Amino acid sequence: MDNPAVAGGRPIHATERAVRVLYVDTASTVPESLRTADEITEIRRADTADEALATLDREHVDCVVSEYALPDSDGVSFLRTVRNRWANLPFVLFTDSGDEGVASEAIGAGATDYLPKDSAGALGARVVTTVTDAAKQQAILGRMTDAFFAVDTDWRFTYVNDRGRELLCEAIGRELSTGELLGRPIWEEIPSAVDTRFYDAYHRAMDEQESVAFEEYFDPTDTWFEVRAYPSPTGLSVYFTDVTERKAREAELTERDRVLREVYQIIADKERALAEKVDELLDLGRAVLGTDCAALSNIEDDDYVFDVVHDPSGGTTSGDVVPLGATNCERAVVDEETLVLADVAAEAPELTDRAGFTEMGIACYIGTPVWVDGEIDGTFCFFDTEPRSDPFSDWEVTLVDLLGNWVSYEQERERREAELTRERNRLDDFASLVSHDLRNPLTVALGRLDIVREGYAGDPDHVDTLEASLERMDALIEDLLVLSRSGHQTVEPEPHRLQTVATAAWEATGSDDATFRTVDGDTAVYGDPVSTQQLFENLLRNSVEHGGSGVLVEVGSLSDGFYVADDGPGIPPEERDRVFDSGYTTSDDGTGFGLRIVREVLDAHGWSITVTESEHGGARFEITGVRVD
């Protein structure tokens, strides 16, 4: 065999593309065109197919050039053996035989090229071109982002690119080199793929000689693949891409679409009340975000009030009140933006000394402010006692913002609708007053005035009746003005002493035929001074008008408000729900608007009132929801 450093006695020249050739022939010399080609740096010799295979087993060769007639085989049989073990090794059949049948058989068996010996002068250039083209093809396949492998008709690997080797080894469950993979049957190496869609599609492509394309999940590797398989008479070429991330994104988009459709179905249902919709949105948000708890809150001064709560543990319920400064929501309120904390301790350690963390155990939180009429009214939030292992995604934050914005809009709309309803009611009251209550005494007064004009000197009660009618008109007009103004007042609570405001109201009623006293009058009540006194005036006047001569009227404080009570005849239970209706009165001198004005003041402050029986059997009005000190 020739010296590795010298081919045919000729020094090897260093070239950009160094080619090593294995020449298989019994001839004593190597064709000159091989020896003189600058790119061919080394030529190995072998006389037989077995000797050539042994050389290929131990040495790297870029191209095999073989005679057809060999002592132990023929060139095509030798070629098939090479192809089974080195699927992509360039192979040139070089023979004296000019039979086109041999050429066709050689090409069918996978020969890279075929050249008769009478064209020996072109052999060197043909070998260099063959090796160069094969190298380019290998580079292209190697650079493919798709994984790629090829199998022969016996399902043995004949080619695998780098990405294909990685994914195949993952499926096989052990690391193999490309050389170790080649020649191995795919179904023996990956038995988990048998009887799957991969198995069926590959066999269908091979049997029908029709390409196939599909996407399928491979459970052993937890991977989605996009597969394209192209058959040929000698085997199957398969391109496959890991599309697990794309499938996950598609699934995520599908889930987002489902959530948004469900949100729309909830908020578009006109048959459900706002509180019911909020309840369902909180439940939906908990499921999407993976938190145990959720709440819609209301902020009243420095207090945080849980309006609607989902807490499976029962630790927090609707109506619970905690200091705003003890909650994470306070940060969202102060910063006026959504607060996102997957892990409170890690991301906001300054909040870990608050009761929300130390007592309620809130370890993860996401909440957004709820705005009503340009001011923060509360928060819409989700929280859990366990921190999240991963941060909230942009989609999750956007969903919370979307739900919070809708709640803000709906609460503001409901508040405006309530205001419009009150305005309509006031207009109805005005129409009723003008058409009935004012018209009747006015008619009486005009009739009596006609008598006076005629110089009637009879019963002086006519004049008294006239005076009473006019006084009633004056009272009705005064109540109407107060009622009208109450719908437009802006409440800015200020502290004032219960005894002071109640006493001032009593003095304004001008009653000398009743007794007034205060209990715990030093308590401070927070409210609008003018409208709060108006409320007291109407409640006190109501007690005097209905309590009779010598009635005792008492004002006292409650833990969250105050009361007005008397020892008069009281209000029957069946009438207590009607006393705040416009025009309702049981007194001949009453206008029927005094307690309606009380209701307007209560609504403006956000207070509540309960009508019950006093300890002396009279009427007792309890006003609650008031800030008192």
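Bear in mind these aren't lab numbers, they're just calculated from the coordinates by the rules spelled out. Every value quoted in this text rests on a predicted model; they were computed, and no experiment measured them. All Cβ positions, glycine included, derive from the backbone under ideal geometry; neighbour counts span all protein chains shown.
Ordered by the number of other Cβ atoms lying within 10 Å of each residue's own Cβ, fewest first, Thr612, Thr523 fall into the sequence Thr612, Thr523.
Proximity of backbone amide H atoms, modeled 1.01 Å from N, is registered between Thr385 and Asp292, Ala363 at under 5 Å, excluding neighbours fewer than 5 places apart on the same chain. Amide H contacts under 5 Å for Gly378: Ile299, Val370, restricted to partners 5 or more places along the chain or on a different chain, H placed in the peptide plane at 1.01 Å from N. Counted residue by residue at 0.36 nm each, then reduced by the alpha carbon distance between them, the extension gain from Arg80 to Glu166 reaches 28.2 nm.
Quick check: residue separation of Asn405 and Glu255 times 0.36 nm, minus the Cα distance between them. What number comes out in nm? Present the calculation step by step, with values, prior to reporting the outcome.
Numbers: separation 150, 0.36 × 150 = 54.00 nm, distance 2.12 nm.
Once the chain is fully extended between Asn405 and Glu255, it gains 51.9 nm.
Over all other residues within a Cβ to Cβ distance under 15 Å of Asp219, the charged ones net out to -4, with Lys and Arg as +1 and Asp and Glu as -1.
If you take all other residues with their beta carbon under 13 Å from the beta carbon of Ile172, and give Lys and Arg +1 and Asp and Glu -1, the sum is -3. Each residue of segment 215-227 was assigned a 3J(HN,Hα) from its phi angle through the Karplus expression (A = 6.51, B = -1.76, C = 1.60, θ = phi - 60°), giving 10, 8, 8, 10, 4, x, 10, 6, 9, 9, 10, 9, 10 Hz with x at Gly and Pro. For segment 289-366, GluC sites (Glu not before Pro) are listed when DSSP marks them as loop and at most 16 other Cβ atoms sit within 10 Å of their Cβ; the list is Glu336, Glu337, Glu359.
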